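See structure below.
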Amino acid sequence: MNKQETINSIVPTTQYLGSYVRKMITDIEQEPEAKNCPEFFKKGDVIRILAPKDKPRPSVIIKVLPDFVISIPLTTDSNIYCLSESKSRFFKDGCFTNHYEITPTDVAKVNFLGVYDNIKLLNEAIKQLRLFIVKNI
């Protein structure tokens, strides 16, 4: 039984034992976490990462390695971490940050969010990130 079938089977006027309700909840079929996850990643795919203080943040993949993906996080806050502008139909306007994240592929698959649609700005962000790293390291 799936979640909606379970909800529909509960009659509002009936009293239920706690053990019965627990059994109904544990019997619900688990839905896959990433419904539309691609078989493989490409530059421009977006995953969810945990930023400092465990704040979930979208991050755009810039390089795919055999076991890892490298991505640039997005932020809507205008602060010292902003590197270049980000405009997308699917994600709030904001900016690319001035650092990159390395994420294992299996973790990235369950955290897939979608595709970043502005490749021109993504390429500009990659260029700006390279310059930032060369200049500051």
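All of the numbers you see were taken from the coordinates with simple rules; none came from a lab. As the structure is a computational prediction, the values presented were derived from the model and not from experiment. Please note: Cβ atoms are built from the backbone with ideal geometry, for glycine as well, and neighbour counts cover all protein chains shown.
How do V107, V134 line up, fewest other C-beta atoms within 10 Å first? Display every interim value, and only then the final one.
Numbers: V107 13, V134 8.
The most exposed by this proxy come first: V134, V107.
Please go through the residue pairs K42/K87; K43/K135; K109/K135 and name each one whose alpha carbons sit more than 26 Å apart in this structure. The partial results should precede the final answer.
On the way: K42/K87 19 Å; K43/K135 24 Å; K109/K135 33 Å.
From the list (K42/K87; K43/K135; K109/K135), the Cα-Cα distance tops 26 Å for K109/K135.
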Kindly put C37, C95 in sequence by how many other C-beta atoms sit within 10 Å of each C-beta, fewest to most. C37, C95
Compute the distance in nm between two label points, each set 7 Å from the Cα along the Cα-to-Cβ direction, one at V64 and one at Q15. 5.8
Which value in nm describes the separation of the simple spin-label points at K55 and D27, placed 7 Å from the Cα toward the beta carbon? 4.4
Filtered trypsin sites (Lys or Arg not before Pro), region 35-113: DSSP coil and at most 15 other beta carbons within 10 Å: K35, K42, K87, R89, K92
Just grab the label-to-label distance for Y81 and D117, each label 7 Å out from Cα along the Cβ direction, in nm (one decimal). 2.6
Could you compute the FRET efficiency for E124 and D93, with r as their C-beta to C-beta distance and R0 at 22 Å, rounded to 0.05? 0.90
